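Asker: Below is a structure I'd like to ask you about.
What follows is calculated from the coordinates using simple rules that are stated; it is not laboratory data. Worth saying up front: this structure is predicted, and the values here are computed from it rather than measured. Counting neighbours? That spans all protein chains shown, and the Cβs are built from the backbone with ideal geometry, glycine included.
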Amino acid sequence: MRQVESGFRTFTACPACAGADIRAYQKGTFSGRLTHDEIKITDSQYGKTWDLSLCTDCGHIFANPCPTPEFLASLYGRVEDPLYEAEAAGRSRNFLRLLRRLEKLIPERGALFDVGAATGILLDLARRRGWEPAGIEPSSWAVRAAADKYGLRLIEGTLERASLSKDRYAAVTMVDFIEHTALPFEAVGKAQAILRPAGILVLVTPDIHSRAARLAGRRWWHLRPAHLAFFSRRSLEALLRRAGFSILAERRYSWTFSVHYLLSRKPAFEVLLNGLGPASFLKRIPLKLALGDSFEVYAIKDSGG
Ligand SMILES: [Zn+2]
């Protein structure tokens with residue numbers, strides 16, 4: 001990797017599998033400076049990406065040049081996203097399904113580390129189910145929200161810089177995290193290092209080869225400036241194998257959102273929603289989106305790794 005200009009660098013090898021044959025894939029549609037408002041979880045910069053490259057070995061598609069980890073850390077540190085917390089009920093339902101599946105794979109509940117813990121919704125739920133919660137989150141706002149709302153003490157910072165105990169955690173969760181990092185191999189490698197032997201990594205990320213992605217084309221909702229890595233089954237497997245994991249189970253992921261949330265992301269409906277007021281009943285109607293456009297992968301730390 002070579003430094004291009006302040007804040008960006010160019011990959012000369014695949015960030016997932018380290019393959020050296022990488023080619024230009026798609027010219028970027030995102031123009032202008034990236035700000036902390038454009039990378040928050042509920043941003044609406046759909047269809048906009050950086051210049052993308054393709055690895056011919058594993059099929060991984062990634063932003064190239066890519067914002068540096070330092071630049072990203074400075075942006076995520078300033079993210080504030082109240083809309084995320086407003087959807088706590090829907091997100092809890094998603095996380096509950098995920099924890100139940102994890103618990104089928106791991107008999108006794110130990111320490112669970114959530115990467116990109118946001119406001120702590122998953123960790124609060126895990127704690128109530130007998131897990132010992134820990135996690136890391138770069139946004140100061142989110143770390144404060146997790147402390148205020150759930151009494152959780154998250155590490156404020158980024159995974160690549162954090163000094164964490166090795167061989168300690170029974171499980172590591174990365175829900176919609178890996179597509180945001182400039183260094184996916186380093187991130188998954190760190191998860192491998194902090195997991196105890198036979199510990200499990202739960203990883204959720206969009207699938208660039210999903211039917212939804214193909215149908216939506218360039219307007220696919222996961223094509224956003226905040227997303228730097230677009231995985232497929234093959235590239236995700238290559239990444240996990242290289243980092244010392246074996247995939248135990250894999251499934252399509254569906255999200256639960258309220259009707260209000262979905263409508264609020266369409267500017268045309270904003271006037272209508274404002275008229276309904278903050279107590280709108282729409283906020284309470286959960287809607288399961290069976291888009292199946294993300295992967296949910298459960299991978300076990302290889303022995304000897
Ligand atoms: Zn590759």
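Asker: If you consider only alpha-carbon coordinates, what radius of gyration and Dmax does segment 67-153 have, in Å?
Answerer: Looking at segment 67-153, its Cα Rg and Dmax stand at 13.7, 40 Å.
Asker: Sorted by average packing, counted as other Cβ atoms within 10 angstrom per residue and highest first, what order do 174-184, 121-131 take?
Answerer: Order by mean packing, descending: 174-184, 121-131.
Asker: Then there's this: Taking N as the number of residues in segment 104-247, what is its alpha-carbon radius of gyration divided by 2.2 N^0.38 Å?
Answerer: So the Cα radius of gyration is 1.07 times the expected 2.2 N^0.38 Å.
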